[in-house]
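Visitor: Mind having a look at this structure? Questions to follow.
The values are calculated or read from the model by the stated rules, or taken from the named source; none is laboratory data. What you see is a predicted model; the values in this text were computed from it and never measured. Cβ placement follows ideal geometry from the backbone for every residue including glycine, while neighbour counts extend to all protein chains displayed. Ligands, DNA and RNA are excluded from the accessible area calculation, which covers all protein heavy atoms including side chains. Shrake-Rupley method; radii C 1.70, N 1.55, O 1.52, S 1.80 Å.
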Amino acid sequence: MKETSQSPVGRFAPTPSGRMHLGNVFAALIAWLSVKSRGGYLVLRMEDLDTQRTSAEFAELLRSDLRWLGLDWDLETDPQSQRSAVYDRYFEKLRDLVYPCYCTRSQLHNVNAPHLSDGTYVYAGTCRNLTEDQKAAFDRAPAWRVKVPDKLWTVEDLAQGTYTENLATDCGDFVVRRADGVYVYQLAVTVDDGEAGVTEVVRGMDLLSSAPRQMYLQGLFGFQHPAYGHVPMLLAPDGRRLSKRDRDMDLDFLQAHTTPEALLGLLGYACGILDKQAPISARELAGEFNWNKLKNQDIYLDISSLL
Ligand code: GLU
């Protein structure tokens, strides 16, 4: 699906590991509003690389939750669990830049400096220059890391403004294929968004620090960079981040207690699109949508007005 000047292509890429909660609903809503307010398309993709945690049943519930909300999609692409042969081809393109890494999880956390933004670590390059003899001495399968350049990446984010990261100092060489052969999120998402012709990536703020890694891979694979919009996180009135653990915030509970229009009215008001809280359909909300209205700080959401 290629963009013409009037038709942006967005996507919603949920992980079907549980019932949709309000954080997912909000990301899906803004992704949908952003393209539908400009006559664009939305691609749906199930990110089920982790086959232990995800299921076809949860994927079907996600689709029915999106339908209930009135958030339709123009195309659903193959789930990631079925695309390892495609990812193999892209991994092959990285041949001169990847190397095997034998570090154990505890070594990784003990040896490397913590990553400032997301609680992971900055990989110090421990396995970058192993000799063939050193590699042969490990009797286990390695993960594969891609070498990163010492270069500043800038994301001009639609919601968050300018975000910069130097992968060499803020992240280090990162894993693209795990030791068990499963490709990691960063590679899969870059391939899938690129092949689907996605022109804008809208998702939760917690993934902002992934954008530079994905931009780097886009360049290596020959894809255009999409626009990015990382939407604020939703918090309960007591400051808790809404997550899958909050049963009262998932769609199973909400569908039993409210209407899609009331829920969209609350979300539209809480995030700054509407100036008062009143029931509204997704289509009507698209008429009100504008990135400039969207808050860029955490959003406190009190659902008691719906119950
Ligand atoms: N699958 C991820 C999630 O459900 C989203 C990844 C993305 O949008 O890039 O949190």
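Visitor: What list of ³J(HN,Hα) values in whole Hz, one per residue of the stretch 147-157 in order, does the Karplus curve 6.51 cos²θ - 1.76 cosθ + 1.60 (θ = phi - 60°) give from phi, with Gly and Pro shown as x?
Guide: 5, 10, x, 7, 7, 8, 9, 10, 9, 8, 7
Visitor: Further question: Based on the alpha-carbon set only, what is the convex hull volume of the stretch 1-110 divided per residue, in Å³?
Guide: Values: hull volume 18.6 nm³, N = 110.
Per-residue hull volume (Cα only) is 169 Å³.
Visitor: Which FRET efficiency value, to the nearest 0.05, do you get for T120 and S305 by plugging their Cβ-Cβ distance into 1/(1 + (r/R0)^6) with R0 = 25 Å? It would help to have the intermediate numbers written out before the result.
Guide: On the way: r = 38 Å, r/R0 = 1.50.
Rounded to the nearest 0.05, the efficiency is 0.10.
Visitor: Further question on the same structure: Just the number please: accessible area per residue for the chain, 1.4 Å probe, all protein chains included, in Å². Write down the numbers at each step before the final one.
Guide: Working: 14430 Å² over 307 residues.
Accessible area per residue: 47 Å².
Visitor: Round to a whole number: what % of the accessible area of the chain belongs to carbon and sulfur, probe 1.4 Å?
Guide: Numbers: 7050 of 14430 Å².
The nonpolar share, carbon plus sulfur, comes to 49 percent.
Visitor: Across 5 Å bins from the origin, how do the percents of Cα pairs in the stretch 148-188 run, short distances first?
Guide: Bins of 5 Å from zero give 6, 21, 16, 19, 21, 11, 5, 1 percent of pairs.
Visitor: In what sequence, largest accessible area first, do H21, H230 appear using a 1.4 Å probe?
Guide: Working: H21 20, H230 0 Å².
Largest accessible area first, the list is H21, H230.
Visitor: Taking only the alpha carbons of the chain, what extent do you get along each of the three principal axes, in Å, biggest first?
Guide: The Cα atoms of the chain stretch 67, 42, 36 Å along the principal axes, largest first.
Visitor: Also, I was wondering about something else. Under the rule of -39500 (n - 2.57) per DSSP H run of 4 or more residues, summed and divided by the residues of the chain, what mean residue ellipticity at 222 nm is obtained, to the nearest 500 deg cm²/dmol?
Guide: Details: 11 runs with 103 residues, N = 307.
Rounded to the nearest 500, it is -9500 deg cm²/dmol.
Visitor: Let me ask you something else. I'd like to compare 180-189, 252-261: which one has the highest average count of other Cβ atoms within 10 Å, and what's the full order after that? Before the final figure, lay out each step's value.
Guide: Values: 180-189: 18.2, 252-261: 15.8.
Ranking, from highest mean packing down: 180-189, 252-261.
Visitor: Placing +1 on the Cβ of each Lys and Arg and -1 on the Cβ of each Asp and Glu in the chain, which of L167, G39, L251 has its Cα farthest towards the positive end of the resulting dipole?
Guide: After comparing all options, I get L167.
Visitor: Roughly what % of DSSP beta bridges within the chain run antiparallel, to the nearest 5?
Guide: Taking every DSSP beta bridge with both residues in the chain, the antiparallel ones total about 60 percent.
Visitor: Rounded to the nearest 0.05, what FRET efficiency do L235 and F138 have when you use their Cβ-Cβ distance and R0 = 51 Å? The partial results should precede the final answer.
Guide: Working: r = 44 Å, r/R0 = 0.87.
After rounding to 0.05, the efficiency reads 0.70.
Visitor: Among P279, L97, I30, pick out the residue whose Cα is farthest towards the positive end of the charge dipole of the chain, where Lys and Arg carry +1 and Asp and Glu carry -1 on C-beta, about the Cα centre.
Guide: Selected residue: L97.
Visitor: Please list, in chain and number order, the residues 5+ apart from C101 or on another chain whose amide H is under 5 Å from its amide H, with Hs placed from the backbone.
Guide: Amide H to amide H, under 5 Å and 5 or more residues apart or across chains, C101 pairs with A143, W144, R145.
Visitor: Stretch L75-K147 to full length: gain in nm at 0.36 nm per residue minus the Cα-Cα span? If you can, show how the numbers build up before the last one.
Guide: On the way: separation 72, 0.36 × 72 = 25.92 nm, distance 3.40 nm.
Here the segment from L75 to K147 would lengthen by 22.5 nm.
Visitor: Quick one: Karplus J couplings for the stretch 191-205, per residue in order, coefficients 6.51, -1.76, 1.60, θ = phi - 60°, nearest Hz, x for Gly and Pro?
Guide: Once θ is set to phi - 60°, the couplings for the stretch 191-205 become 5, 5, 5, x, 5, 7, x, 5, 9, 8, 10, 10, 6, x, 3 Hz.
Visitor: Given 0.36 nm per residue, what is the gain on full extension from K293 to Q82 after removing their alpha carbon distance, in nm? Show your work: numbers first, answer last.
Guide: Details: separation 211, 0.36 × 211 = 75.96 nm, distance 3.85 nm.
Taking K293 through Q82 to full extension adds about 72.1 nm, to one decimal.
Visitor: Something else now. May I ask you to derive the relative contact order of the chain, considering only C-alpha pairs under 8 Å and at least 6 residues apart, and to give it as an integer percent?
Guide: On the way: 537 pairs, mean separation 64.4, N = 307.
Once divided by the residue count of the chain, the mean separation gives 21 percent.
Visitor: Could you size up the charge dipole of the chain around its Cα centre, putting +1 on the beta carbon of Lys and Arg and -1 on that of Asp and Glu, and report it in debye to the nearest 20? Display every interim value, and only then the final one.
Guide: Values: 33 positive and 41 negative charges, 71 e Å.
Charge dipole of the chain: 340 debye, to the nearest 20.
Visitor: Scale the Cα Rg of the stretch 76-181 by the rule-of-thumb value 2.2 N^0.38 Å and send over the ratio, two decimals.
Guide: Numbers: Rg = 15.9 Å, N = 106, 2.2 N^0.38 = 12.9 Å.
Normalised Rg, Cα atoms only: 1.23.
Visitor: Taking amide hydrogens as modeled 1.01 Å from N in the peptide plane, which residues meet the under 5 Å criterion relative to D157, leaving out close sequence neighbours?
Guide: Correct list: T162, Y163.
Visitor: If you don't mind, there's one more thing I want to ask. Which angle from 0 to 90°, rounded to the nearest 10, does the C-alpha axis of helix 260-270 make with the longest principal axis of the chain?
Guide: Orientation of helix 260-270: about 70 degrees from the principal axis.
Visitor: Right, another one. Name the residues whose placed amide hydrogens come within less than 5 Å of the amide hydrogen of T15, ignoring near sequence neighbours (fewer than 5 apart) on the same chain.
Guide: Correct list: E47.
Visitor: Specify the inter-centroid distance of the stretch 234-307 and the stretch 15-72, based on alpha-carbon positions, in whole Å.
Guide: 16 Å
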